[in-house]
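Below is one structure; the comments refer to it alone.
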Amino acid sequence: MDLLIATQNKGKLKEYRAIFAALPVTVISLADVALGEMDVEETGDTFLANARLKAAAYAQAAERYTIADDSGLCVNALDGAPGVLSARYAPTQPERNAKLLAALDGLPHDQRQAYFACTLAFHAPDGTHITSTEGRLPGHIATAKSDGEHGFGYDPLFVPEGYNVTLAEMPPAEKNQISHRGRAAQQFRGWLLANSDKFVDV
C-alpha cells in the first residue's frame with residue numbers, strides 16, 4: 001500500500017524514509033499527491049491531538065493511509081516549553097534557538113534537562129484513527145549551538161542522555177536509532193508488520 005507521510009519538512013521525510021525502508025509499503029510524500037496548498041492548522045494542546053488533526057485531514061484529502069506526527073522540545077526549567085509551540089517559539093529556527101539559549105542563560109547543567117517528544121498518528125483513507133505511538137528522547141540543552149553536519153530544528157542544542165555531542169553532530173543512522181521520532185516510528189513499524197494482513201495491498 002501507499003503510506004503517505006504528511007509533512008513538508010524534508011528532514012523528517014528523510015528520517016521516515018530511512019526507518020520505513022524495509023516495510024512492505026510505498027512511502028510517498030505530500031509532493032506526490034495533488035493537494036495544492038493544503039495546510040492543517042495545529043490547534044491541539046497536545047502532541048497527540050495535533051498529530052491526529054493532521055493525519056485525519058491529509059488521509060481524507062489524499063485518500064491514502066497516512067501518518068502524521070507532532071513533536072517538540074520540552075525543557076524542564078521552562079515548565080515544558082516550548083512543547084507543542086516548538087515550531088512557533090519564534091519566527092525562524094535561528095531565532096528559536098537563540099531564544100531558548102537566552103532563556104536558560106546561566107543555568108547549570110542539572111537545570112538544563114529536557115526531552116524531545118514525538119507522537120505519531122496513523123489514519124485510514126477515510127480519516128479514521130487506527131493507532132498512535134509515542135517516543136521520547138531525554139537529554140539536556142547545551143550552553144552553545146553545535147551545528148555539526150546533520151540534524152535540523154533544535155538538534156544543534158540538544159545533547160542526548162549518555163552522549164557528549166548534539167543530535168546535529170551524530171550520523172543520521174545513529175540518530176534514527178535513538179531519536180524521539182525514530183522511537184515512535186520503530187514502534188509503528190513493529191505494529192504495522194504485526195498487523196499488515198489487515199490492510200489492502202500490503
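Bear in mind these aren't lab numbers, they're just calculated from the coordinates by the rules spelled out. Model, not experiment: these values are computed from the prediction. Methodologically, a virtual Cβ is constructed for each residue, glycine included, from the backbone with ideal geometry; neighbour enumeration extends over all protein chains shown.
Observations on the model:
- Greater than 22 Å apart at Cα, pairs in LYS14/LYS175; LYS12/LYS175; LYS14/LYS198; LYS12/LYS54; LYS14/LYS99: LYS14/LYS198; LYS14/LYS99
- Electrostatic bookkeeping for ARG183 treats Lys and Arg as +1 and Asp and Glu as -1; over the other residues with beta carbon under 10 Å from its beta carbon, the sum is +1.
- Cα gyration tensor category, rounded, prolate or oblate, for the chain with a/c compared to 1.5: prolate
- Averaging the Cα positions of each part gives two centres, and for segment 104-143 and segment 29-68 these lie 19 Å apart.
- Given charges at beta-carbon only (K, R positive; D, E negative), |dipole| of segment 2-198 in Debye: 260 debye
- Full extension of the chain between ALA77 and GLN8 gives 21.8 nm of extra length, using 0.36 nm per residue less the Cα-Cα distance.
- Separation in nanometres of the label points that stand 7 Å from Cα toward Cβ, at ASP197 and THR128: 1.9 nm
- Total formal charge among the other residues, if their Cβ is under 14 angstrom from that of ALA81, Lys/Arg +1 and Asp/Glu -1: +2
- Positive-end ranking of THR128, LEU78, PHE116 along the dipole of segment 57-166, with charges on Cβ about the Cα centre, is headed by LEU78.
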